[in-house]
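Peer 1: Sharing a structure here in structure tokens format.
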């Protein structure tokens, strides 16, 4: 039966996450926006708390509980609301608090997501409980992740990694870096694998930390890998070079894109709620019964933004729900990411405009949200990459036909 | 008008005009003389008599949600959806072009829609209908399915159900007993939920149609726009600003004195043969006010209508998507399918993304209505998305076909006109 409300059983989780966002994130939000590269030590205690939450149930916590599709014998006709949905709901609430701080949460990195999603049981045991960042992008390969140049050569029982990685979220603070590298550059995407590199590996050299437009609480590191040796067992997933292997790596994104969409949804809601309050104090109330065009222009604009927010929110929940129900969701995950990413940018900027100097000033968080928003339409696949994925699926095209 | 329609028809059919080469001039003169529209009488209409009243009005039961997020319809809804889709594909779409050209939905299509049971959805089971817990969602799914065939035909077919649904939701026991049995048989009367008025920035909470008390009666004056099959309607629910009450709905039978119909052709929804209802001192009894005339009921009615139009927009938006995909894949330019170009492909992506968002927002609003929780916000949002994104989809549909989209060989220009219309309509349909 169609019901697009937050499931009853996840309401306590959402409330809890909202409390964390309100009590922990919001009070230090501006502090770490200003103190870029300072480690938000307040998060350590919180991270332990969230580990406990993840341990306790199938309720996903802050985002990196992993998105393994269980192949258990549950009735496929039965509607499931599981960890994908609960994780998305948690991420929305936490990012309503502060998206930069969520990205800085120990042990909640995208690397953790990748490990949780594709690691073998031994790898899970070996790397469990550690904080893992994800290193894909290179100076010459951004969206085109099949073009990466970092190489991995098998030498006895070890792989030797060489190359350069940029834009590694939490790269300085994490315990592990999941590095994408190619086993054979002549074999294209099929040869691309991910490797778990310990942060203290002597072959992994931190070049610098970036100064950014937004999410300044989160560190963004650039590395050089120079004869960086990792054990053979550090290769995540299947070591065979075959086309499907890369598809497997890319499938990780089907699972993480709804999470990034959820981040965008959370930031968008924060801006809308604040703006609604500001407009009310300026004498503009949003009236849902009266046609938008019969209301003040600010109210009509707000309604428009809220409508985009709602679409983004629903698309995000749908993508997660499909994962919970083992339905292929690559199309819906990219739709959610595309819609949520652009909506977040449009709405946060629109809110700054509506609130004028109050929106622009650093005494409020509106301007910060508008700066934080932009990355959400870029990482985990830019707007344009999402549109490509959606188009290929809708039109039945492969990546050589529609480039 | 000094010239009657019969006379005009004779004139149009005669060779005289052609023989003396004055047809163009006469036609232009006629156009000038009739811009205000011909007025004809409303339909004669049947006699609605109260069957045995239930004593207290039958009402729609709440849907019993398990409290889980779910995008799939339940079995009954899926059945209606499937039937609606099959009917739309087999009957509605093939008839759409002619219906648009002729401004008429074939009677056999209306009869088949009745067979589908669309009018019974809003009638409580106690009165022979099938109104169930999930009725709003079911109606939205049917609206979407039929509008995938054609929005104008969907409007023509579903308009009477709006009246049945409104009476089923808010009517008194007496009104239910009087009017609802007619909607459960084969011969469902044409009927209209008449709210929209012909003026810019129309606000359905500030009506220019007035209902004044006169003794025990109400006397209505005003005009209602874009009514489906207006000249055939036997029953109207007319929104009027009632003296001492505020905006409310009145049950007005077509044979009431003081009613007339003007033809009102519009940019879209042409198969619904839209017309304008003029009320000039139309007198109805005190009991004609729907239910208790509560403002909350009226506002709920507005919001349910917005969900209904949103559902039609979703169906037509999906029709655009389904049509442009094979077109841009087949159409070649510069030596390859135009869909190999990002400018084209990304437009298709956006149609997919925004139509999915519209659909989910519409479903959410409808499901909330079924659950008996407030849905004003969700209805307003569904409407905003459908008015704005729906129109963009209509425009992109034509754009992707270029000049071919602009000509009537392809349906995209019709969808362009219909998607504009859906964002303007108030009332007229209900979920």
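Peer 1: Among the residues of region B:171-192, which ones are without any contact (Cβ under 8 Å) to a residue 60 or more places away in the chain and buried (at least 24 other Cβ atoms within 10 Å of the Cβ)?
Peer 2: Passing the criteria: B:180, B:191.
Peer 1: Here's another thing I want to ask about it. When both residues are 6+ apart or on different chains and their Cβ atoms are under 6 Å apart, which pairs have a first residue that lies in region B:75-86 and is more than 13 Å from chain A (Cβ to nearest Cβ), and a second that is in a helix (DSSP H, G or I)?
Peer 2: Here the result reads B:83/B:116; B:84/B:142; B:84/B:145; B:84/B:146; B:85/B:145, each pair linking region B:75-86 to a residue that is in a helix (DSSP H, G or I).
Peer 1: Scanning region B:24-68 for residues that are more than 30 Å from the chain's Cα centre (by Cα) and modelled with pLDDT of 75 or more, which turns out farthest from the other protein chains (Cβ to nearest Cβ)?
Peer 2: It comes out as B:55.
Peer 1: Quick one: in region B:316-346, of everything that is buried (at least 22 other Cβ atoms within 10 Å of the Cβ) and under 29 Å from the mean Cα position of the chain (by Cα), which residue is nearest to the other protein chains (Cβ to nearest Cβ)?
Peer 2: Selected residue: B:324.
Peer 1: Restricted to region A:310-354, and to residues that are in contact with a helix residue (DSSP H, G or I) (Cβ under 8 Å, 6 or more places away or on another chain) and not in a helix (DSSP H, G or I), which residue is nearest to the other protein chains (Cβ to nearest Cβ)?
Peer 2: For region A:310-354, the residue satisfying everything is A:329.
Peer 1: From the list B:188, B:219, which residue is more than 14 Å from chain A (Cβ to nearest Cβ) and in a loop (DSSP other than H, G, I, E, B)? So that I can check it myself, show each step before the final result.
Peer 2: Values: B:219 fails: in a loop (DSSP other than H, G, I, E, B).
B:188 is the lone residue from the list that is more than 14 Å from chain A (Cβ to nearest Cβ) and in a loop (DSSP other than H, G, I, E, B).
Peer 1: Residues to consider are A:208, A:229, A:257; find the one that is in contact with a strand residue (DSSP E or B) (Cβ under 9 Å, 6 or more places away or on another chain), crowded, with 16+ Cβ neighbours inside 10 Å and farther than 30 Å from residue B:201 by Cβ.
Peer 2: Numbers: A:208 fails: crowded, with 16+ Cβ neighbours inside 10 Å; A:257 fails: in contact with a strand residue (DSSP E or B) (Cβ under 9 Å, 6 or more places away or on another chain).
Just one listed residue meets the conditions, A:229.
Peer 1: Turning to a different aspect of this structure: State all residues of region A:387-403 that are part of a helix (DSSP H, G or I) and either touching a residue at least 60 places away in the same chain (Cβ under 8 Å) or surrounded by fewer than 17 Cβ atoms within 10 Å (Cβ to Cβ) (or both); if no residue qualifies, say none.
Peer 2: A:393, A:394
Residue-wise test of (1) within 17 Å of residue A:169 (Cα to Cα); (2) free of Cβ contacts under 8 Å to residues at least 40 places away in the same chain; (3) part of a strand (DSSP E or B).
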site	(1), (2), (3)
A:187	no, no, no
A:194	yes, no, yes
A:202	no, yes, no
A:205	yes, yes, yes
A:211	yes, no, no
A:214	yes, no, no
A:224	yes, no, yes
A:228	no, no, yes
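Peer 1: Listed residues B:390, B:357, B:352; which is in a helix (DSSP H, G or I), free of Cβ contacts under 8 Å to residues at least 60 places away in the same chain and within 24 Å of residue B:138 (Cβ to Cβ)?
Peer 2: B:357
Peer 1: Filter region A:285-306 for residues that are part of a helix (DSSP H, G or I) and at the interface with another protein chain (Cβ under 7 Å from one of its Cβ atoms); which is surrounded by the most Cβ atoms within 10 Å (Cβ to Cβ)?
Peer 2: Here the answer is A:303.
Peer 1: Where in region B:93-170 are there helices (runs of 4 or more DSSP H), lying fully within it, with 1 or more residues that are touching a residue at least 40 places away in the same chain (Cβ under 8 Å) and within 14 Å of chain A (Cβ to nearest Cβ)?
Peer 2: It comes to B:135-149.
Peer 1: Inside region B:212-229, can you point out the residues that are touching a residue at least 60 places away in the same chain (Cβ under 8 Å) and crowded, with 21+ Cβ neighbours inside 10 Å?
Peer 2: Within region B:212-229, B:218, B:220, B:226, B:227, B:228, B:229 meet the criteria.
Peer 1: Could you list, in sequence order, the residues of region A:121-156 that are closer than 15 Å to residue A:196 by Cβ and surrounded by fewer than 19 Cβ atoms within 10 Å (Cβ to Cβ)?
Peer 2: A:121, A:122, A:123, A:124, A:125, A:126, A:128, A:129, A:130
Peer 1: Turning to a different aspect of this structure: Is it the case that some residue within region A:77-91 is closer than 20 Å to residue A:323 by Cβ, at pLDDT below 75, outside the structural domain of residue A:317 (by TED's automatic domain parsing) and not in a helix (DSSP H, G or I)? I'd like the intermediate steps shown before the answer.
Peer 2: Pass one, region A:77-91, residues closer than 20 Å to residue A:323 by Cβ: A:77-91.
Within this subset, residues satisfying the condition of being at pLDDT below 75 are A:77.
Applying the additional criterion that residues be outside the structural domain of residue A:317 (by TED's automatic domain parsing) yields A:77.
If we keep only those that are not in a helix (DSSP H, G or I) as well, we get A:77.
Within region A:77-91, one or more residues are closer than 20 Å to residue A:323 by Cβ, at pLDDT below 75, outside the structural domain of residue A:317 (by TED's automatic domain parsing) and not in a helix (DSSP H, G or I).
Peer 1: Which condition does residue A:15 not pass, out of (1) within 19 Å of residue A:273 (Cα to Cα); (2) within 14 Å of another protein chain (Cβ to nearest Cβ), if it passes all the others?
Peer 2: With (1) within 19 Å of residue A:273 (Cα to Cα); (2) within 14 Å of another protein chain (Cβ to nearest Cβ) applied to residue A:15, the lone miss is (2).
Peer 1: Something else now. Quick one: which of B:407, B:424, B:373 is within 28 Å of the chain's Cα centre (by Cα), surrounded by fewer than 24 Cβ atoms within 10 Å (Cβ to Cβ), over 30 Å from residue A:1 (Cβ atoms) and within 11 Å of chain A (Cβ to nearest Cβ)? Step through it out loud before you land on a result.
Peer 2: Numbers: B:407 fails: within 11 Å of chain A (Cβ to nearest Cβ); B:373 fails: over 30 Å from residue A:1 (Cβ atoms).
Answer to the selection: B:424.
Peer 1: Looking only at region B:263-297, count how many residues are buried (at least 24 other Cβ atoms within 10 Å of the Cβ) and within 14 Å of another protein chain (Cβ to nearest Cβ).
Peer 2: 0
Peer 1: When residue A:231 is evaluated against the numbered criteria (1) outside the structural domain of residue A:314 (by TED's automatic domain parsing); (2) within 30 Å of residue A:352 (Cα to Cα), which criterion, by number, is the only one it fails?
Peer 2: (2)
Peer 1: For region B:191-208, which positions are away from chain A (no Cβ under 14 Å) and in contact with a helix residue (DSSP H, G or I) (Cβ under 8 Å, 6 or more places away or on another chain)?
Peer 2: Correct list: B:191, B:192, B:193.
Peer 1: Residue under question is residue B:387, and the condition is that it be crowded, with 24+ Cβ neighbours inside 10 Å, out of contact with any strand residue (DSSP E or B) (no Cβ under 7 Å at 6 or more places or on another chain) and within 9 Å of chain A (Cβ to nearest Cβ); does it hold?
Peer 2: Answer is yes for this residue.
Peer 1: May I pose another question? Working carefully through the options A:280, A:264, A:270, find the one that is more than 27 Å from the chain's Cα centre (by Cα) and not in a loop (DSSP other than H, G, I, E, B).
Peer 2: A:280
The values are calculated or read from the model by the stated rules, or taken from the named source; none is laboratory data. Treat the numbers as computed from the prediction; the structure is a model and nothing was measured. Cβ sites come from the backbone with ideal geometry, for glycine too, and all protein chains shown count toward neighbours.
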